[in-house]
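Below is one structure, written out as C-alpha cells; the observations come after it.
The values are calculated or read from the model by the stated rules, or taken from the named source; none is laboratory data. Computed from a prediction, not measured in an experiment: that's the story for all the values here. All Cβ positions, even for glycine, are placed from backbone atoms using ideal geometry, and neighbour counts span all protein chains on display.
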Ligand code: SAH
C-alpha cells in the first residue's frame, strides 16, 4: 500500500469505516498525495485524455454556444465560470473564438476559474496568459459568484465529485463503506444496519437484491446553486460529462483510471483518477426545483453536430473532410457513438424565459 493508503488505513483504525465519498475526497484532493493536488493527469502521456485535449474544436464550439446564449440574453455584464478547467485548454479555445466573433464579450464578462488543485491552477495561468480576458480563480463555487448573470461551462468536472453508494440487502439499503481487512489493507464493506429509507429515492423501490444506488450530494447541491443564480440573474450552463439520463441502472459506476487503463479503486489511492458516472436526471431535477429550466441530456455527438463541428472540421482540414487524417480522427473520437458521442452527454440549465439553447 502507498503512503496515502497507509494514512487512510490509520484513519479507519481510529474512527471506523469511511464513506466512499470521504475516500474519494482524500484520494483526489489530499494536499500531499491527492491525485489532482499533485499532478497534471492529462494528455497522451498522462492518465486520460479529455475532449478539449483531443481537439481545439471542442472548446471553440462550446465557446460559440456560450457566446450565442449571451447574445440572445442581450449581452449583459456577466460572469463566465468554468468548473475544473484542467489545463485551461477549453477556456483558451473558447475565448479565442469568442474574442474574434464578439470582442465586446471580453470587456463585459469576467472569467472565473474554479479549481481545487494548485498544480493545475499554475498550468491554467500559463495557458491563459495571453487570452485578453479578465480572469480570476476560486477554489470552489461560492456565493460571490451569484451577483451577475452566470454563464458556466463544466467538462468532466461532475464525474470527479464524491459519490455515496448504497446496496440493497435483506436488511434494507446499506451504505457501502471503505473498511480494513484483517491484513490491514483497504476493502469495501456494507454498514451492518440499513440506512434510513428517506435516503433512497422512491423510484428505486422495485430494485432487485444487490442493486446499487449512487448519489453525489456535492453534485446535486452544486447544480442547485448554479440553477438558482441562473433563474434569478440570467445566464446559461452547459455541463458535459460521461453519465446517464433517465435510465439509471442498478450497477455501480465507481472507477479508477491510471495511464489510460482501469485500475483498482482501493489499491493505490492518489495514484489513479477516481470518478463515477454523472446522474444527469438528478442534476436536471435539482435545476428545475431551483426555478430554472433544464434541457437534455443529449449525446455529446448530437450536440457537437448540431452546433457545427462537421463544418468546423472541414474548415480546419482546408475545406475537404477526408483529406486530413488528424482532423478526421479528432472528429470521429468526439462524435461517434462507439467513441465519446453517446456515453458523454450534455445538460443545459437556462432561465425559464430564455429561448431553447442551440443543440437541445
Ligand atoms: N475540464 C478539464 C479537466 C477535467 S478533470 C478537461 O476537460 O480537460 C477535473 C478537473 O476538476 C481538474 O481540473 C480537477 O483538478 C478539478 N476538480 C476536481 N474536483 C474538484 C473540486 N471539488 N473543486 C474544484 N476543482 C475540482
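List of remarks:
- Flag if residue 132 is free of Cβ contacts under 8 Å to residues at least 60 places away in the same chain and part of a loop (DSSP other than H, G, I, E, B): yes
- None of 137, 173 is closer than 30 Å to residue 21 by Cα and either part of a loop (DSSP other than H, G, I, E, B) or within 16 Å of the ligand (Cβ to nearest atom) (or both) except 137.
- Flag if residue 167 is within 18 Å of residue 252 (Cα to Cα), part of a strand (DSSP E or B), touching a helix residue (DSSP H, G or I) at 6+ places or on another chain (Cβ under 7 Å) and away from the ligand (no atom under 16 Å from the Cβ): no
Yes/no matrix, rows are residues, columns are (1) at pLDDT 95 or above; (2) surrounded by fewer than 19 Cβ atoms within 10 Å (Cβ to Cβ); (3) over 27 Å from the mean Cα position of the chain (by Cα):
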| residue | (1), (2), (3) |
| --- | --- |
| 142 | no, yes, no |
| 178 | yes, no, no |
| 187 | yes, yes, no |
| 196 | yes, yes, yes |
| 211 | yes, yes, no |
| 219 | yes, no, no |
| 227 | yes, no, no |
| 234 | yes, no, no |
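- Residues of region 27-57 satisfying the condition of being within 7 Å of the ligand (Cβ to nearest atom) and within 19 Å of residue 339 (Cβ to Cβ): 42, 50, 51, 52, 53
- Test: residue 50 is touching a helix residue (DSSP H, G or I) at 6+ places or on another chain (Cβ under 7 Å), crowded, with 18+ Cβ neighbours inside 10 Å and more than 30 Å from residue 352 (Cβ to Cβ): no
- Only one of the listed residues (125, 108) is surrounded by fewer than 18 Cβ atoms within 10 Å (Cβ to Cβ), within 16 Å of the ligand (Cβ to nearest atom) and either on the phi < 0 side of the Ramachandran plot or over 26 Å from the mean Cα position of the chain (by Cα) (or both). That residue is 125.
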